[in-house]
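The block underneath contains the structure these notes are about, expressed in structure tokens.
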Amino acid sequence: MMTDPSLVVQAAWLVPALPLLSAALIAAFGRRLPWHGAEIGLLAILASLGLSAAIAWETFTTVDPAPYEAAFAWSPLGGGFVLELGMLVDGLTAMMFLLVTLVSTMVQVYSREYMHGEARFTYYYAMLSLFTFSMLFLVISNNTLQAVVGWELVGLCSFLLIGFYWEEKSNQDAANKAFLTTKFGDVGLIVGVIVLSAGMFGLTDTPFNFLETIDAAVAGQLSTSTIVLGMLLIFLGCVSKSGQMPLHVWLPDAMAGPTPVSALIHAATMVTAGVFLLARLFPVLAQSATVMAVIAVVGVITLFFGGLLALVQDDIKKILAYSTISQLGYMVAAIGVGGYTASIFHLFTHGFFKALLFLGAGSLIHAVHSNNISAMGGMRRFMPHTFWTFTVGSLALAGFPLTAGFFSKDEILIAGDLWALNGLATGTAVYWVGLAAAFVTTFYMARAWFLIFFGEHRGAPHDDTHDDGHDEVAHGGHHAEPHESGRQITVPLMILAVLSLTAGLIGSPFAQERPNFESWTSTPVIEETTYPFLAEFATAGVGVSAAEKGPSAKILHGPPSWHPDLLLIVLGVFGGAVGLAWRFYGRGLPERDPMLQMGGLTRVLVNKYGFDDAGYRYVVVPVRDRMSAWATRISNDVIDGAVAGVGTATKRMAQTTYTAVDQRIIDGGVNGAAFSAAWWSARLRRIQSGDVQRYAGALVAGVILLVLAFVAVR
Amino acid sequence: MDPNTAGWVLIAALALPLVGAALMLLLPKDDEVRIKRFAVLVTGVAFALVAAMTAAFDYGRSGELQFVTDVAWIDAINARFHLGIDGISLPLFFLSYLLPLLSAIYTTKHLPEPGKPKAFLGLMLLLQTGMAGTFVAFDLILFFIFFELVLVPMFFMIGMWGGPRRDYASVKFFLYTLFGSIFMLVSFLAVYFQSGLRSWDIVELSNASMIGSTTFQTWAFLGMFLGFAIKVPMWPFHTWLPDAHTEAPTVGSVLLAGVLLKIGTYGFIRIALPILPGGAERFAPVIGVLAVIGIIYGSLCCLAQTDIKRLIAFSSVGHMGFVMLGIAAMNEAGIQAALFGNIAHGVITGMLFFLAGSLHERYHTRDMHVIGGGMLMKIPRYGVLLTYVAVASLGLPGLAGFWGEFGAMWAAISPGFGLADRYGGLYLALVVFAAIGTVLTAGYFLWMLQRVNLGRPTEKWAGAELDDVLRIEWVAWTPLLVLVLALGVFPRLVFGVQDAAVSVLLRTMGG
């Protein structure tokens, strides 16, 4: 499609291929190398990063945003249908490439120090590479089925890494929970992909192809039921993968994995998959008001109630985990209110500051040997680099003006506002609930920030009741006083901090002219598609055409502009939240944490709204323990009972035939005949010897006799 | 060898194991080493021949029969000796020669109690001829003979080298299958007389226009259905399977899961569907429902198992459910998926049974509670292999298990023969429930891995000396381990070979 795509774009397949190669090489030779395989992983990911940067630059600066697609037939599937293995490179792909490879690079650099001395260090690096490959394979897909393959591989790698410390049962459980919860969502994904592809039968031989599906949907060739059913089912997959309520339950538990893995999962290679897929299929879902409304509602619920859960956490990783759920809620909600650009822009900036925050948390945990913020305090004196980088990350997460998070979150709120102009209530909800959640976000991050970095250093209690005991084992013994981490940890933090400050600029009002983030990630289809239900709404309701209705019926909102009113509100929210947090936590950890003194609300939050409990009690236990027992009992008693019954009945019939018919009637009549009863019973007893050889011999003889008889008669 | 003329190759491949079994009788009973080596030699030569055949196969014409022999045989009943191989038969035929070779290699180290390698390996060779024959026989009588021939050696394998309840399991296996095959034979006879062709030839009967009325087709299909459904086994005819598998020696289980169960699904695809398309059309929704019940039900039963071998046996019920769902879709994609699922299940579950057997060799128990975890620490290589194959079995994309399962669900969304119009909603529900079955499958495999692989070894085993994967096991297993990955990454290896043959098949059905 694209006229003469540049060489780097054509070589995009190398971006996922290199980490795959590296995973294989590390697994094969890693142990024998001086850095135990880390050097292969680093080389490969650096090469991928370089290529991704070149592709990003190429797609960013190109005026013509047409996607580049190349594919070959992977396999016939029967009925003339073909499964392709292909690549689709456009701004969205390039953006994801850059994000994934950059965060992966940071994580790999960081892990060399963080995971130093781990028994399964080589395995760890092989898995990191495989994880990165899986995500990139999903991102580059030109068809839904290939995306499913990448999606499931991502799930497997996360399972293997969450369960990295598999000696402990709690970690095994966390890994299983993550895999099974996301697998449950995959039921939706797989059936959705199937439904969507079935709509393409008769239109093409490659029914999974993204671009063809999008074109067909936009052209109205897919029935409404196909789009609604297919996209809602696919959205179920996104709900579980991207941690939307109520299938978010696996995400906080996934903290059982090593901290750099958490950074990877939360920023780049796992939870973003769902939002990415929604963005990829955006023109399809934009055809249905129902689908968009459902997505928006789920997103709004998640962004608010997910964030609230962070308020009562003591574990720094859990705070960050719930903040991820909340931020993913923003992204999903944005999709639901037509904020295509806003959603993936937030995905982009969030990747940087969330990776930064997790890696920063790892640095802290490394120093104090505890995950709990109650065991920290005063850390700014011991760890100045970690302090300022973590501060930048927190500001970006809270959406402080001019940080990356500010621009992207505001885009989402503005998208909600514009949606509300169309008379759609979900837009209003996104705007106001989004603002309220921003207050919550700022408050819990300020709480964590004060408790970690200010006041007196409290230190971990001596009996070590922290979760992440392995880090300590790896690094040996207690340190008297925490100290700053080494350069392999702090340099990635600094790089990510710079990005958390600047990455937002390409989508900010400073970038009114093309190229900016919007022009980068749009394609001709995105630019031309309108929401059909809005056009109907306009013509039927008010009597104006879709064109007169202005840009709101279009997907893109145009270049970002300043919203002084929103800036003021955001500043007010920020000030209020930080002030409140300062009042509670400014002088160190209070005797009684006000967050734990909210009565019923605290109880609800500590119990995580009861989702985990209910899921276990009403889904896992009945299926695993009760239904399985019933099924086995049916198998053993009912079905096998029937089989045994037939056997017994046959035996009894034979007995009756023998005693009643043969012995009394026939034998009684033919007394003294050659075949006496005694003779028969001796023979019969021999048959019942239980000697299998004899049974088989009789059978073969029988078959031969039958065949002979058959031949003779003919 | 020219696939158009070299019919002798197929005959030679079928005869080799038989001749080998006969020659083995001449070997002295006590020279176990020589007997075992001889079995490897025979299966190896036979495999080499089939590998050469696979190489010579004309893939451009995979829809046509190749290596054909078609001569008069029992004139009195018009039965002919008709052998041939096409794209549908080839992968299964190949598997019938690969697995016995690997089994023979494995047996050189692990011979089940009470020994007697001569009898054991001789029976295995006999079994090989039987099962390979079913995939290349194109005469109903010939097919039936091979079909029954399979029963006898397997019966002995379970009955003589099996576990504590071997008598019960072997007789149940034997009688149950025999019971079904009688109805199948009656249907064969009915088709023979009804068609008016005076022919048992599968190709001719498939190409014939609709045989008999729809009512006739329905009844005749019911007979074949009973024969094949028991063999598959479909729910609710599955109860012989867990018993047979649990009691069978390792090699018996490998061949049972790897090849024998496929005879049932192959029979549906090769015989029941094309000869009785009218009956198949009426039965398809029933098959679909039973298949999906099997998927859910088999997985639930797996969750309740503590014996790892019995768990794998029940997993077969679920996996064969996916295969049958593909058949119930009655379209090309469905048949393709069913056949792919057949091969994938043979490779993966065959491998799982090898692993279960070796587990028993080490721990002398298969109870997951007794093993109690820590295998990844105790015997790490073995633990990794178990993880790998279990993950393949739960249908991870990129490994062999995925394509059959996904393909079956995908095909069932728009079933052929007008079923989409009449039963569209039902089939959508089938797809959804089958997909839920994949979650349950993931569940029992993950819990299995958690119980045996993860954690630390219990006190009972902490000090025990356990071998990690032995060299002979590597030799026997590597081909399967490679196939698990290769079929996952290159599904074309099977889909591509079958494509034309499946098209031809569907055309004869008038679909």
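Where a number appears in this text, it was derived from the coordinates with a stated rule and is not lab data. Note that the coordinates shown come from a computational prediction; the quantities given were computed from them, not determined experimentally. Quick reminder, even Gly has a Cβ in these numbers, built from the backbone with ideal geometry, and neighbours come from all protein chains shown.
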At 222 nm, what helix-only mean residue ellipticity would chain A give, in deg cm²/dmol to the nearest 500, using -39500 (n - 2.57) for each DSSP H run of four or more? -20000 deg cm²/dmol
Measure nothing fancy, just the Cα-based angle from helix B:332-363's long axis to the longest principal axis of chain B, in degrees from 0 to 90, nearest 10. 20 degrees
How do B:Arg166, A:Arg32 rank when sorted from fewest to most other Cβ atoms within 10 Å of their own Cβ? A:Arg32, B:Arg166
So what are the stretch A:103-212's ellipsoid semi-axes, whole angstrom, largest first, if each one is the square root of 5 times an eigenvalue of the alpha-carbon gyration tensor? 34, 17, 7
Angle between chain B longest axis and helix B:89-107 axis [Cα atoms, degrees, rounded to 10]: 20 degrees
For all pairs of alpha-carbon atoms in the stretch B:418-511, what percent lies in each bin of width 10 Å, listed from the first bin to the last filled one? 11, 16, 32, 21, 12, 7, 1
Give the Debye-formula value of log10 I(q)/I(0) at each listed q (0.09 Å⁻¹), with one equal scatterer per alpha carbon of the protein assembly as shown, two decimals each. -1.10
Put in order of increasing Cβ neighbours within 10 Å, starting from the fewest, A:His346, B:His369, B:His364 give B:His364, B:His369, A:His346
Contour excess over end-to-end distance, with Cα ends at B:Glu204 and B:Leu26 and 0.36 nm allotted per residue: 59.8 nm
Please state the shape class of the stretch B:74-139: rounded when a/c is under 1.5, otherwise prolate if a/b exceeds b/c and oblate if not, all from the C-alpha gyration tensor. oblate
Quick check for me: using +1 on Lys/Arg Cβ and -1 on Asp/Glu Cβ, what's the dipole size of the protein assembly as shown about its Cα centre, in debye to the nearest 20? 2900 debye
Just check the stretch B:7-509 against the gyration tensor rule for me: Cα atoms, a ≥ b ≥ c as the square roots of the eigenvalues, rounded for a/c under 1.5, and otherwise prolate or oblate depending on whether a/b exceeds b/c. oblate
May I ask for the angle, rounded to the nearest 10°, between helix B:492-508 and the longest principal axis of chain B, with both axes built from Cα atoms and the value confined to 0 to 90°? 30 degrees
Sorted by Cβ density within 10 Å, fewest first, the residues A:Phe400, A:Phe81, A:Phe407, B:Phe156: A:Phe400, A:Phe81, B:Phe156, A:Phe407
Rounded to whole angstroms and listed largest first, the alpha-carbon spread of the stretch B:18-155 along its three principal axes comes to 45, 37, 22
Enumerate the residues in the stretch B:332-372 having an amide nitrogen under 11 Å from the point lying 7 Å beyond the Cα of B:Thr306 toward its Cβ. B:367-371
Indicate the helices, whole DSSP H runs only, in chain A that combine a mean Kyte-Doolittle hydropathy of -0.5 or more with a Cα extent along their long axis of 27 angstrom or more. A:38-61, A:91-114, A:121-140, A:169-200, A:316-336, A:340-368, A:425-453, A:564-585, A:692-713
Rounded to the nearest 0.05, FRET efficiency between B:Asp468 and A:Gln10 (Cβ-Cβ, R0 51 Å) equals 0.65
Give me the distance in nm between label points sitting 7 Å out from Cα along the Cα-to-Cβ direction at A:Val620 and A:Trp388, one decimal. 4.5 nm
Partner shielding of B:430-443, as the mean number of partner chain Cβ atoms within 10 Å, equals 5
Would you mind checking the stretch B:1-35 for residues with the amide N under 20 Å from a putative spin-label position 7 Å along Cα→C-beta of B:Val71? B:1-20
Report the calculated FRET efficiency for B:Ile182 and A:Leu33 (r = Cβ-Cβ distance, R0 = 51 Å), to the nearest 0.05. 0.20
Convex hull volume of the Cα atoms in chain A, per residue, in Å³? 256 Å³
Using amide H atoms built in the peptide plane, which far-off residues or other-chain residues are under 5 Å from A:Ala66 H to H? none
With 5 Å bins from 0: P(r) over the stretch B:355-511, alpha-carbon pairs, percent: 2, 8, 13, 15, 14, 14, 10, 8, 7, 5, 3, 1, 0, 0
Starting from a Cα-only point model with no solvent, please compute log10 I(q)/I(0) by Debye for the stretch B:185-236 at q = 0.27 1/Å. -1.06
Compute the FRET efficiency between B:Asp367 and B:Ala52 as 1/(1 + (r/R0)^6), taking r as their Cβ-Cβ distance and R0 = 56 Å, and round to the nearest 0.05. 0.80
